[in-house]
1. Short version: ³J(HN,Hα) in whole Hz for each residue of segment 78-86, in order, from phi by Karplus 6.51 cos²θ - 1.76 cosθ + 1.60 (θ = phi - 60°), x for Gly and Pro, what are they?
2. Per residue of segment 177-184, what does 6.51 cos²θ - 1.76 cosθ + 1.60 with θ = phi - 60° give for ³J(HN,Hα)? Whole Hz please, x for Gly and Pro, Karplus curve as stated.
3. In whole Hz, with x marking every Gly and Pro, tabulate ³J(HN,Hα) for segment 34-40 from phi via Karplus 6.51 cos²θ - 1.76 cosθ + 1.60, θ = phi - 60°.
4. If packing is taken as the average count of other Cβ atoms within 10 Å, what order do 163-176, 17-30, 42-55 fall into, highest mean first?
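Every read-out reported here was derived from the displayed coordinates using simple, explicitly stated rules and does not represent laboratory data. This is a predicted model, so every value here is computed, not measured. Positions of Cβ are generated from backbone atoms using ideal geometry, with glycine treated the same way; all protein chains shown enter the neighbour counts.
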Amino acid sequence: MDYPLQTGVGSDRSRAPDAAIVRRMAAGDQGALTQLVSRHGGGLRGFCLRYLGNAADAEEVVQDVFFRAWRHADRYRPETATVATWLYGIAVNRCIDRRRSRAFRAFVGLGAREETEPSEAPDPLRQTEGRDALAKAREAIALLPERQRMAILLGAAGGLDNASAAQAMGIRIGAYEQLLVRARRTLRQRLDP
């Protein structure tokens, strides 16, 4: 699914706060859903792709996130979370479910075993020093324990601040920050010989 760019950028609707967009969705406004996808689709897809390591799975999760947001827009409460935090919270849960489902399917022999390395390996002939470093970083992130990887990716790929990322993961901010500290320490150890 391509994430459409919002037309009419100068209009009042395109500058509406996210909470107002969700209220319009709850009232059945499909244009509001398009606007929400335009604002958050790319970031969610980046997070899911990096977390799951598979473009098809990431795309399905993002579509499911927006489907669930559409179905449950009337349940959104702006006093408890921002719209971005709400969406990323749904994405976190869907990503965990997707990984569990893949692991179970592999266990019972219904699917390929989950790869622990990223699916996009750089082309050795065209590799530059920067690409090599990026590939090593991706590999190191892929090898992190699940919750540490999620914490790193919510901040880096999702662009969430610590409080929003913690809320999306359903943990306290101190616990989130500890996950980040451990993840960064492990990454430094793996990336700096």
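1. Values per residue, Gly and Pro as x: x, 6, 9, 6, 6, 4, 4, 5, 4 Hz.
2. My calculation for segment 177-184 gives 5, 5, 4, 4, 4, 5, 5, 5 Hz in order.
3. 4, 5, 5, 4, 4, 6, 10
4. Values: 163-176: 18.4, 17-30: 16.3, 42-55: 20.9.
Taking the mean over residues of other Cβ atoms within 10 Å, the ranking is 42-55, 163-176, 17-30.
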